[in-house]
Amino acid sequence: MKKIFLLLACCSLHFLSFGQAPANNLGIIPEPVKVTKKVGSFTLPKIVILEAASQPEVTPVIAYLKSKLSTAAGTAVAVKSVAPSASIKFVLNKKNDPLIGAEGYSLSVTAKKVTIRANEAAGLFYGVQTFMQLLPKEIESKEYTKGIKWTAPCVDITDYPRFAWRGLMFDVARHFFTKPEVKQYIDAMVKYKLNLLHLHLTDDEGWRVEIKSLPRLTTVGAYNVKKVGQFGTFTAPAADEPRTYGGFYTQEDIKELVQYAKDRFVNILPEIDVPGHSLAAVVAYPDLSCTPGADKYVVNSGEPFMNWNGPHNTAIVDNTLCPANENVYAFLDKVVTEVAQLFPFPYIHMGGDECAKNFWEQSEAIKALMAKENLKTQQEVQAYFEKRLEKIVESKGKKFMGWDEILEGGLGPNAAVMSWRGIKGGIEAAKMGHDVVMSPTTFAYLDYMQSDVNETKVYAKLRLSKAYEFEPVPDSVDAKLIKGGQANLWTEQVYNIRQAEYMTWPRGMAIAESVWSPKDKKNWNYFFGKVEKQFGRFDEAEIKYAPSAYDPSFSATRNADGTLKVTVTNEVAGLDTYYSFDNSFPDNFYPKYTTPIDAPKDATTLRVITYRGKTPIGRMVSLPLVDLGKKVK
Ligand code: ACM
């Protein structure tokens with residue numbers, strides 16, 4: 001996916017240090033709106049009395065707090081509706097406080113009591129998240145942890161989000177992630193007050209949601225052949241290789257995930273990606289295709305099947321649903337009916353991205369449709385399809401959303417647009433009065449490499465500092481139409497949940513701060529200091545994260561004699577970089593990088609390592625000079 005945006009996503013090392021660094025130094029991500037530090041600290045008693053009204057919507061917040069406090073700190077929580085001596089108190093405002101809105105809160109920590117006030121339960125939940133970040137990092141441990149002073153600094157915080165849509169997209173189609181793994185992903189995202197999980201449920205490699213009226217989508221479409229290595233370059237599977245790799249969520253699983261997410265104030269946005277990216281559906285039901293021979297297709301296992309180069313993608317096997325085929329609309333009606341019943345979120349995302357048109361161009365049925373409907377281009381054929389689909393979605397009481405390709409050939413009347421090819425599509429849609437969510441490759445694509453080196457090879461790079469520059473509202477549009485933003489984790493090259501976490505964190509924190517915190521509170525150096533504190537918490541929680549921000553970036557020019565002049569930059573301030581060209585592994589007794597360095601004539605490898613003072617902090621980087629030479633313009 002997404003190859004054509006390589007250029008946009010590269011080249012990211014510049015700054016960025018917009019707002020004033022807040023003086024509070026509490027390490028909270030996302031940065032709260034207002035923090036007033038006080039003297040003293042609160043100590044968790046062995047038994048916490050929690051004063052909380054018994055409204056049912058507060059029950060999940062109480063359960064969450066209980067579980068967090070009992071695990072590592074071993075603290076029991078007794079809940080009372082009135083308790084003047086309570087050490088923690090939840091208050092749901094009787095009179096709505098318009099400043100903090102539906103998700104905001106105020107948190108007061110005094111030596112005696114922690115009080116969280118909010119208009120709605122979501123705000124209490126976010127107040128709890130902030131309180132957790134004030135406690136020692138060991139609160140994140142999965143085990144009872146002895147010998148910790150469970151204190152939190154006294155503080156007054158008023159906080160509320162900048163955007164209502166604060167998302168992460170998780171592609172569970174390219175590689176399947178189990179129900180417990182999705183829960184684990186949700187557990188991490190809520191720590192940073194992200195509230196929307198976009199599940200990319202269908203693609204060429206698998207259909208992941210049970211549709212009872214179309215059982216072959218999952219009996220056939222959910223499985224491919226297990227391949228490991230560089231996805232997209234695999235050999236085509238042989239006919240006798242077992243097609244047992246993958247899986248899907250039953251409708252009961254989906255209900256459980258929706259409830260799990262709801263209890264953590266997360267909405268799940270389902271995505272059914274059509275008309276492109278639909279090979280799994282076509283394999284299950286070949287009569288959805290315009291192309292003869294589709295009944296011989298197989299679910300993709302990572303073997304090449306698309307040409308991604310050039311201005312338009314072309315398909316080698318026809319992975320599209322046929323807009324000229326009435327069966328397709330009957331099929332989509334069934335799918336959307338069941339999806340609408342499963343997911344309470346008002347939107348259904350129907351994909352629309354990267355749809356190859358080369359098979360449509362050949363199809364007599366498409367030619368007839370174009371003549372009948374007076375469609376001039378293949379983009380208009382897709383627009384015809386999208387508009388019919390929008391009606392289907394709306395007929396089930398849902399709102400229609402798609403990737404920004406749905407703008408091409410004419411946008412449907414109420415369609416919401418998720419802008420991924422930069423923010424251009426988002427601007428265009430907002431100017432026409434449509435709702436927009438920003439998730440541009442340039443800042444928000446979590447499948448991209450996090451540095452030049454030491455990363456799984458993908459065709460583009462997105463450094464943490466660049467992700468932190470994410471700004472969902474372009475100057476030229478009405479901010480009201482920008483619902484918010486999200487980061488997208490595509491999983492072609494992500495084979496397991498540990499790698500999914502590695503790719504998501506800490507860039508997910510950068511996106512979270514960009515969609516929650518006031519714009520003028522953002523400050524890169526201060527943010528990175530907070531990220532380092534969060535690393536300690538992730539270690540306790542045993543969540544994987546990328547240390548890639550400590551890896552330098554490299555660029556080079558060629559000297560007159562053909563040798564390379566190498567420039568090394570660090571996105572993190574205050575690091576020293578030591579290097580070698582002699583194939584040995586540098587430490588802080590090696591030359592320190594200060595200005596661009598000339599590679600000796602016969603050297604083959606540049607090795608570097610970053611230190612903070614005397615402590616090695618980055619990973620050992622080994623960079624073949626031939627690779628660097630290829631980057632010279
Ligand atoms: C996309 O990345 N193809 C939406």
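In region 483-503, how many residues are of a type outside the set (Gly, Ala, Ser), away from the ligand (no atom under 16 Å from the Cβ) and open to solvent by less than 10 Å² (accessible area, probe 1.4 Å)?
Here the count works out to 1.
Which number in (1) at positive phi; (2) part of a loop (DSSP other than H, G, I, E, B) marks the one condition that Gly484 misses?
That leaves (2) as the condition not met.
Only one residue in Asp353, Asp435, Asp404 is closer than 30 Å to Asp478 by Cβ, within 16 Å of the ligand (Cβ to nearest atom) and out of contact with any Gly (no Cβ under 6 Å at 6 or more places or on another chain), so which one is that?
Asp353
For every residue, the table says whether it meets (1) open to solvent by less than 20 Å² (accessible area, probe 1.4 Å); (2) in contact with a helix residue (DSSP H, G or I) (Cβ under 7 Å, 6 or more places away or on another chain); (3) without any contact (Cβ under 8 Å) to a residue 24 or more places away in the chain.
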{"position": "Ser363", "(1), (2), (3)": "yes, no, no"}
{"position": "Gln379", "(1), (2), (3)": "no, no, no"}
{"position": "Ala383", "(1), (2), (3)": "yes, no, no"}
{"position": "Glu386", "(1), (2), (3)": "yes, yes, no"}
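Name the single residue that is nearest to Gln362 (Cα to Cα) among those in region 298-322 being hydroxyl-bearing (Ser, Thr, Tyr) and buried (at least 20 other Cβ atoms within 10 Å of the Cβ).
So, considering only residues that are hydroxyl-bearing (Ser, Thr, Tyr) and buried (at least 20 other Cβ atoms within 10 Å of the Cβ), the one nearest to Gln362 (Cα to Cα) is Thr320.
Could we say that Phe131 is in contact with an Asp or Glu (Cβ under 9 Å, 6 or more places away or on another chain) and touching a residue at least 12 places away in the same chain (Cβ under 8 Å) here?
Numbers: in contact with an Asp or Glu (Cβ under 9 Å, 6 or more places away or on another chain): no; touching a residue at least 12 places away in the same chain (Cβ under 8 Å): yes.
Judged against the criteria, Phe131 is not a match.
Quick one: which of Val220, Val228 is out of contact with any strand residue (DSSP E or B) (no Cβ under 8 Å at 6 or more places or on another chain), among the hydrophobic types (A, V, I, L, M, F, W, C), open to solvent by 90 Å² or more (accessible area, probe 1.4 Å) and farther than 19 Å from Ile316 by Cβ?
Val228
So which residues in region 407-421 are touching a residue at least 24 places away in the same chain (Cβ under 8 Å), within 14 Å of the ligand (Cβ to nearest atom) and open to solvent by 10 Å² or more (accessible area, probe 1.4 Å), if there are any at all?
Passing the criteria: Glu408, Arg421.
So which residues in region 5-27 are open to solvent by 80 Å² or more (accessible area, probe 1.4 Å) and either modelled with pLDDT of 65 or more or within 16 Å of the ligand (Cβ to nearest atom) (or both), if there are any at all?
Passing the criteria: Leu7, Leu8, Gln20, Ala23, Asn25.
Quick check on Pro275: is it within 16 Å of the ligand (Cβ to nearest atom) and surrounded by 20 or more Cβ atoms within 10 Å (Cβ to Cβ)? Give the steps one after another, and end with the answer.
On the way: within 16 Å of the ligand (Cβ to nearest atom): yes; surrounded by 20 or more Cβ atoms within 10 Å (Cβ to Cβ): yes.
The answer is yes for Pro275.
Identify all residues within region 200-233 that are β-branched (Val, Ile, Thr), in a loop (DSSP other than H, G, I, E, B) and within 23 Å of Leu332 (Cα to Cα); write none if there are none.
Ile211, Val220 - these are the residues of region 200-233 that are β-branched (Val, Ile, Thr), in a loop (DSSP other than H, G, I, E, B) and within 23 Å of Leu332 (Cα to Cα).
Restricting to region 397-406, name every residue that is of a type outside the set (Gly, Ala, Ser) and open to solvent by 60 Å² or more (accessible area, probe 1.4 Å).
Once the filter is applied, which keeps residues that are of a type outside the set (Gly, Ala, Ser) and open to solvent by 60 Å² or more (accessible area, probe 1.4 Å), region 397-406 yields only Lys399.
Just for strands (runs of 3 or more DSSP E) wholly inside region 28-114: which have at least 1 residues that are open to solvent by 40 Å² or more (accessible area, probe 1.4 Å) and on the phi > 0 side of the Ramachandran plot? So that I can check it myself, show each step before the final result.
Working: elements: 34-43, 47-51, 76-80, 88-92, 105-109.
So the answer is 34-43.
Considering region 446-469 alone, what residues qualify as being within 16 Å of the ligand (Cβ to nearest atom), buried (at least 20 other Cβ atoms within 10 Å of the Cβ) and either aliphatic (A, V, I, L, M) or within 18 Å of Tyr192 (Cα to Cα) (or both)?
At the first step, the residues of region 446-469 found to be within 16 Å of the ligand (Cβ to nearest atom) are 446-449, 458-462, 467.
Next, only the ones that are buried (at least 20 other Cβ atoms within 10 Å of the Cβ) stay: 446-449, 458, 461-462, 467.
Selection gives Leu446, Met449, Val458, Leu462, Ala467.
Within region 544-555, can one find any residue that is in a loop (DSSP other than H, G, I, E, B), closer than 30 Å to Lys191 by Cβ and free of Cβ contacts under 8 Å to residues at least 60 places away in the same chain?
Scanning region 544-555, I find at least one residue that is in a loop (DSSP other than H, G, I, E, B), closer than 30 Å to Lys191 by Cβ and free of Cβ contacts under 8 Å to residues at least 60 places away in the same chain, so the answer is yes.
Could you check region 468-485 and list, in sequence order, the residues that are among the small types (Gly, Ala, Ser) and modelled with pLDDT under 95? Give the derivation first.
Residues of region 468-485 among the small types (Gly, Ala, Ser): 476, 479, 484-485.
Hits for region 468-485 are Ser476, Ala479.
Which condition number in (1) open to solvent by less than 10 Å² (accessible area, probe 1.4 Å); (2) in contact (Cβ under 8 Å) with a residue 60 or more places away in the chain; (3) acidic (Asp, Glu) is the one that Glu390 fails?
(2)
The values are calculated or read from the model by the stated rules, or taken from the named source; none is laboratory data. Note that the structure is a prediction, hence the values are computed from the model and not measured. All Cβ positions, glycine included, derive from the backbone under ideal geometry; neighbour counts span all protein chains shown. We work out accessible area using only protein heavy atoms, side chains counted, and drop any ligands, DNA or RNA first. Shrake-Rupley method; radii C 1.70, N 1.55, O 1.52, S 1.80 Å.
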